[in-house]
């Protein structure tokens, strides 16, 4: 999987490369600038008649910008370098590359280096392309006035913007953005993708993300201290279980789904069918007797069994004594879709949680009942995978949703470690966190998947892959990716705006087939 890093982790990688691997910082900066130029040439050639404005700050990001300006001048009609800080504020490698650029400009003739002024930027005409090298990953806090003026000007001119490492004004770790922040067309990031490019406003402001090699040793990506990864198609293809030629329906996974209640039969049906579509051989759905006739008629392949129900049409606590045989049969149990939140049903679920020693996926109403029974998951004897969206996770933690969203990767990581379970925190991006501290970030999916029932589909996929013998974290992360690919196919064929959860279910077989064949 591709390595993702926070700003502090990337800084450590740079320091290790310079100090221990003996690669000078100036050489890293040269490689970074060359990488940006290659992306510009790929997307915006021919450049011979173009005027490019490179906006440079005082740190290493500005130093990268000076390299970009020098190298890009070989291909462009005109390069204007807008230097935002005073010359005395430039230091280290950034100052060295500024001096090189200044000397180079005396010979090159098509490079103009100008100090920032409000009137100066108003005089710049016929700009074809901007390069944003103002802040980079070192940014935090608020944007000072002169920088804000330049950022607003760049955003207001209807021209492409190529951001160097990360759009200026975006926090490289969290993706939270200041006002204003650059809205990039392309972002060229170095070494490893920064977590802030995939989260919060950073995800929308980054445009198309390109990660280029600048000479960071590949061995650093495997360092034990780096825990964040991005899952992609090739990763899932390599992890999916292979079915034996001698397989039979009970050797390829058995899933027990405890779901459904009066008025909420769809969730139980979708979850059960999806578990089948994941590749398991048998699925049993146990559901309240009052809705049994509906689900037994609706589901052909799923074996549906009735359980005693409460007056509210949910599973009654008496059901526990009838579940024992089916629990022993199952490889994985899925609890929660459409289950309702009756007190007796909650007692049934908590009894299951504290007595069953197998594998349980908890979703939807199962999570809401856990939230009311504070920290009961700590008493669980089973291996757990929890699949909350941010609202459900907020109730579990007793923490405001906005606080979670500001740093969803770190919050998910800490929760999984502290509670010794797998957590799938659904959202943008969906992250899968494990007890070891590993966090897998999903790379598939689209906004059309924000539709009722999509989570029930995911729970079925997670349980189905886990039942086929995959490791818990791998099953969870692969299920999220497949779910997203199915959603992407549905959006392409039906349009994101009108998608239903059953559309995601419909395209799961095609998603798995494309992944297995390596077709994008």
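The values are calculated or read from the model by the stated rules, or taken from the named source; none is laboratory data. Here the structure is a predicted model, which is why all the values come from computation and not from measurement. Cβ atoms come from the backbone with ideal geometry, glycine included; neighbour counts cover every protein chain shown.
What to note about this one:
Yes or no, residue by residue, for (1) touching a helix residue (DSSP H, G or I) at 6+ places or on another chain (Cβ under 8 Å); (2) more than 30 Å from residue 13 (Cα to Cα); (3) touching a residue at least 60 places away in the same chain (Cβ under 8 Å):
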| residue | (1), (2), (3) |
| --- | --- |
| 240 | yes, yes, yes |
| 246 | no, yes, no |
| 249 | no, yes, no |
| 293 | no, yes, no |
| 310 | yes, yes, no |
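- Residues in the range 114-153 that are out of contact with any strand residue (DSSP E or B) (no Cβ under 9 Å at 6 or more places or on another chain), surrounded by fewer than 16 Cβ atoms within 10 Å (Cβ to Cβ) and closer than 23 Å to residue 165 by Cα: 138, 140, 141, 142, 144, 145, 146, 152.
- Residue, nearest to residue 144 (Cα to Cα), within the range 83-129, restricted to residues that are touching a helix residue (DSSP H, G or I) at 6+ places or on another chain (Cβ under 7 Å) and either outside any helix (DSSP H, G or I) or not assigned by TED's automatic domain parsing to the domain that holds residue 45 (or both): 84
- Candidate set from the range 76-93 (those that are in contact (Cβ under 8 Å) with a residue 60 or more places away in the chain and touching a strand residue (DSSP E or B) at 6+ places or on another chain (Cβ under 9 Å)); member that is nearest to residue 120 (Cα to Cα): 82
- If the condition is being in a loop (DSSP other than H, G, I, E, B) and within 15 Å of the chain's Cα centre (by Cα), then the range 208-247 contributes 227, 232.
- Selection within the range 152-202 - assigned to a loop (DSSP other than H, G, I, E, B) and at positive phi: 165, 169, 175, 191
- When the criteria are applied in full, residue 288 fails the requirement of being surrounded by 21 or more Cβ atoms within 10 Å (Cβ to Cβ) and in contact (Cβ under 8 Å) with a residue 60 or more places away in the chain.
- For the range 433-472, taking the residues that are under 14 Å from the mean Cα position of the chain (by Cα) and over 27 Å from residue 494 (Cβ atoms), the one that is surrounded by the most Cβ atoms within 10 Å (Cβ to Cβ) is identified as 433.
- Taking the criterion of being crowded, with 20+ Cβ neighbours inside 10 Å and over 22 Å from residue 35 (Cβ atoms), no residue of the range 70-82 qualifies.
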